[in-house]
Amino acid sequence: MAPDDYLVMSSAEWAGLRASTPLTLSEEDLAALRGVNEDISLEDVANIYLPLSRLINLHVSAARNLDSIKDTFLGRPAKRQTYVVAVAGSVAVGKSTFARVLQALMARWPDHPRVDLITTDGFLHPNARLVADGIMHRKGFPESYDRKRMVKFLSDLKAGTPEITAPVYSHISYDIVPDQFFKVSQPDILIFEGLNVLQTEGNDGQKPGSIVSDFFDFSIYLDAEEGDIERWYVERFLMLQRTAFRARGAYFRELADLPPEKSPDAARKIWHDINRPNLLENILPTRERASLVVRKASDHSVKELWLR
């Protein structure tokens with residue numbers, strides 16, 4: 001049940017808020033954006049993503065007007081500050097696909113064509129550091145991230161630093177790629193996607209001076225029933241066994257050769273030992289800090305939306 005400070009809408013009610021927003025993605029575009037085991041359709045884009053794109057565009061316009069007022073008051077030249085949209089939620093809930101589709105749509109708006117996407121995977125500590133600290137089994141938990149570096153990245157972004165960098169993460173090697181960086185140069189909008197981006201506490205349980213979400217202008221939490229997320233995780237694991245796990249240099253290469261009858265149990269063990277505790281302890285408790293909660297049904301379709 002949604003908290004009292006959210007307006008709850010069905011997907012049909014939400015779809016009606018699209019207004020005249022044009023559909024600017026083709027089936028070919030969408031095919032390139034889909035993630036593993038997610039069958040998103042152009043109808044989904046029209047009914048869910050286009051109203052959201054319209055809402056964020058209205059927010060961006062309002063934020064620019066406020067920035068202009070402040071600049072006028074201070075007697076300084078007007079400048080645009082990057083608008084930051086956060087996407088949070090569990091492993092396997094579909095954050096990456098959601099963020100990519102949203103990026104593609106917003107980049108097609110005529111007044112803010114530069115939309116960058118950064119995931120928090122790049123801010124994980126390198127595996128060597130996690131092993132040395134004895135927390136390799138806690139990878140993806142809050143303490144496995146370099147949150148000071150995340151805060152510095154977002155602070156520099158908001159300050160208008162001409163060019164900043166974010167580390168590159170490889171899902172094949174399951175580690176940070178040495179000496180490779182994404183360059184970010186004052187985009188109109190930045191989508192910042194990750195598991196624990198809405199968390200308020202530091203690694204020691206204390207509230208730090210600045211937290212990652214201090215820099216967000218709009219935040220989205222992707223939600224679903226725990227049993228559905230577990231099933232999606234197992235399905236994704238089985239698909240990755242046949243693809244990414246078999247790549248040269250793959251960290252999980254040995255999992256690719258598990259007997260078919262043992263693979264689902266191996267996936268469920270990883271879910272129950274690592275991903276489920278992280279969801280219940282760290283991710284789900286931040287859901288009610290989001291500007292918008294997108295509730296998914298068992299088939300990945302959106303069944304309900306909560307708008308603060």
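Can you give me the number of residues within region 36-64 that are in a helix (DSSP H, G or I), among the acidic types (Asp, Glu) and surrounded by 15 or more Cβ atoms within 10 Å (Cβ to Cβ)?
Within region 36-64, the first condition is being in a helix (DSSP H, G or I), and the residues that meet it are 42-64.
Those still in the list that are among the acidic types (Asp, Glu) too: 43-44.
Subset that is surrounded by 15 or more Cβ atoms within 10 Å (Cβ to Cβ): 44.
Matching residues across region 36-64 total 1.
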Q: Give me a count of the residues in region 179-201 that are more than 26 Å from Arg64 (Cα to Cα), part of a loop (DSSP other than H, G, I, E, B) and among the acidic types (Asp, Glu).
A: 1
**Q.** Checking His171 against (1) touching a residue at least 12 places away in the same chain (Cβ under 8 Å); (2) closer than 24 Å to Ser185 by Cβ, the condition it does not meet
**A.** (2)
(Q) I'd like to check something: does region 218-240 contain any residue that is under 18 Å from the mean Cα position of the chain (by Cα), modelled with pLDDT of 95 or more, of a type in the set (S, T, N, Q) and within 30 Å of Trp109 (Cβ to Cβ)? (A) yes
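In region 257-280, how many residues are outside any helix (DSSP H, G or I) and loosely packed, with under 12 Cβ neighbours inside 10 Å?
Going through region 257-280 one residue at a time, the tally reaches 4.
Using the structure shown, decide if Leu33 is of a type in the set (A, V, I, L, M), touching a residue at least 12 places away in the same chain (Cβ under 8 Å), surrounded by fewer than 18 Cβ atoms within 10 Å (Cβ to Cβ) and out of contact with any Phe, Trp or Tyr (no Cβ under 7 Å at 6 or more places or on another chain).
Numbers: of a type in the set (A, V, I, L, M): yes; touching a residue at least 12 places away in the same chain (Cβ under 8 Å): yes; surrounded by fewer than 18 Cβ atoms within 10 Å (Cβ to Cβ): no; out of contact with any Phe, Trp or Tyr (no Cβ under 7 Å at 6 or more places or on another chain): yes.
Considered against the rule, which asks whether it is of a type in the set (A, V, I, L, M), touching a residue at least 12 places away in the same chain (Cβ under 8 Å), surrounded by fewer than 18 Cβ atoms within 10 Å (Cβ to Cβ) and out of contact with any Phe, Trp or Tyr (no Cβ under 7 Å at 6 or more places or on another chain), Leu33 comes out as no.
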Q | Condition check for Ile283: under 26 Å from Ser213 (Cα atoms) and surrounded by fewer than 17 Cβ atoms within 10 Å (Cβ to Cβ) | A | no
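Looking at Thr72, Thr119, can you tell me which residue is out of contact with any helix residue (DSSP H, G or I) (no Cβ under 8 Å at 6 or more places or on another chain), among the β-branched types (Val, Ile, Thr) and surrounded by fewer than 23 Cβ atoms within 10 Å (Cβ to Cβ)?
On the way: Thr119 fails: out of contact with any helix residue (DSSP H, G or I) (no Cβ under 8 Å at 6 or more places or on another chain).
That would be Thr72, the only listed residue that is out of contact with any helix residue (DSSP H, G or I) (no Cβ under 8 Å at 6 or more places or on another chain), among the β-branched types (Val, Ile, Thr) and surrounded by fewer than 23 Cβ atoms within 10 Å (Cβ to Cβ).
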Q: For residues that are over 22 Å from the mean Cα position of the chain (by Cα) and surrounded by 14 or more Cβ atoms within 10 Å (Cβ to Cβ), scanning just region 124-135, find the one that is farthest from Pro277 (Cα to Cα).
A: Arg129
Q) Condition test on Ser144, is it touching a Leu at 6+ places or on another chain (Cβ under 8 Å), small (Gly, Ala, Ser) and free of Cβ contacts under 8 Å to residues at least 60 places away in the same chain? A) yes
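Report, by residue number, each residue of region 114-151 that is acidic (Asp, Glu) and part of a helix (DSSP H, G or I).
Of region 114-151, the ones acidic (Asp, Glu) are 116, 121, 133, 143, 146.
Across region 114-151, the qualifying residues are Asp121, Glu143.
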Q | Which numbered condition Thr24 misses (of (1) at pLDDT 90 or above; (2) crowded, with 17+ Cβ neighbours inside 10 Å) | A | (2)
Q: Restricting attention to region 226-256, report how many residues are within 19 Å of Met136 (Cβ to Cβ), in a helix (DSSP H, G or I) and either aliphatic (A, V, I, L, M) or touching a strand residue (DSSP E or B) at 6+ places or on another chain (Cβ under 8 Å) (or both).
A: 1
Q: Please indicate, with yes or no, whether at least one residue in region 65-79 is among the hydrophobic types (A, V, I, L, M, F, W, C) and either touching a residue at least 24 places away in the same chain (Cβ under 8 Å) or assigned to a strand (DSSP E or B) (or both).
A: no
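The values are calculated or read from the model by the stated rules, or taken from the named source; none is laboratory data. Keep in mind that what you see is a predicted model, and the values were worked out from it rather than measured. Backbone-built Cβ (ideal geometry, glycine too); neighbour counts: all protein chains shown.
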